[in-house]
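Below: the structure, in structure tokens.
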Amino acid sequence: MEEVVLLDESGVAVGTAAKSSVHHADTPLHLAFSSYLFDPAGRLLLTRRALHKKTWPGVWTNSCCGHPSPGESAAAAVTRRLADELGVAGVELSLVLPAFRYRAVMDNGVVENEMCPVFTGVLAHDPTPNPAEVDSVEWVVWADFAAAVLAGVRPISPWCVQQVEQLATLGDNPLTWPHGSESDLPPAARPS
């Protein structure tokens, strides 16, 4: 059974819950991550969530999202989920938004409520998506994508919208964004 790490308001782990039952109308605050993979030219890999997902099925979003397991650092969780969802390994990760947090509500009332550090990485080849996780993928020019998201004309997940708003402040070239500090991660997401 896959578990998520429940958090207090300071990002300290206060317990765990089954991933299969944690998302509902009163979802507790829990630990997650988001990642953005770019090719060497700076194009972003977007993914469309599998159609059977409980939260935001069929919605386009950033490259990979997920939840660290109890005792697992956020960076280790990104590496694990990149392999599971996209069939990629060996991506060198950079932490760019260590303190990102959001809450979003689906039309059916299901809530996401996460402290969700954001990582980037460079992928020099096409992924091999796992159809149980990813419906489809698309490479997009970052500047065009960011402009469309910020203008509200690109349908994308609500967490991705908020992340793009913050990522856009880091500069035009995602390959040169400054690294965030691990000390700014929620304590539950830090490496041991």
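Side notes on the structure shown:
- Filter result (in contact with a helix residue (DSSP H, G or I) (Cβ under 8 Å, 6 or more places away or on another chain) and in a helix (DSSP H, G or I)) within region 134-144: TRP142
- Looking only at region 17-60, and only at residues there that are over 20 Å from ALA89 (Cα atoms) and of a type in the set (Ser, Thr, Tyr), the one that is nearest to the chain's Cα centre (by Cα): THR55
- Region 74-89 residues that are within 17 Å of GLY180 (Cβ to Cβ), paired with ones that are part of a helix (DSSP H, G or I) and open to solvent by less than 20 Å² (accessible area, probe 1.4 Å) (beta carbon under 9 Å, 6 or more apart): ALA74/ALA189; ALA75/ALA189; ALA77/ALA189
- Qualifying position, being modelled with pLDDT of 95 or more and surrounded by 17 or more Cβ atoms within 10 Å (Cβ to Cβ), among GLU92, GLU3, GLU9: GLU3
- Tabulated pairs, region 101-114, first farther than 17 Å from VAL161 by Cα, second buried (at least 16 other Cβ atoms within 10 Å of the Cβ), C-beta under 8 angstrom, 6+ apart or interchain: VAL110/HIS23; VAL110/THR27; VAL110/THR55
- Residue within region 32-44 that is on the phi < 0 side of the Ramachandran plot and at pLDDT below 95 present: no
- Selected residue (only one of LEU95, LEU45, LEU86, LEU82 is out of contact with any helix residue (DSSP H, G or I) (no Cβ under 7 Å at 6 or more places or on another chain) and either under 24 Å from PRO186 (Cβ atoms) or of a type in the set (Asp, Glu) (or both)): LEU82
- Selection count, region 150-192, where residues are in a loop (DSSP other than H, G, I, E, B) and in contact with a Lys or Arg (Cβ under 7 Å, 6 or more places away or on another chain): 0
The values are calculated or read from the model by the stated rules, or taken from the named source; none is laboratory data. Quantities reported herein were computed from a predicted structural model and do not represent experimental measurements. No Cβ is skipped: glycine too gets one built from the backbone with ideal geometry, and neighbour counts run over all protein chains shown. Quick note on the areas: whole protein, heavy atoms, side chains included, nothing else; ligands and nucleic acids left out. Shrake-Rupley method; radii C 1.70, N 1.55, O 1.52, S 1.80 Å.
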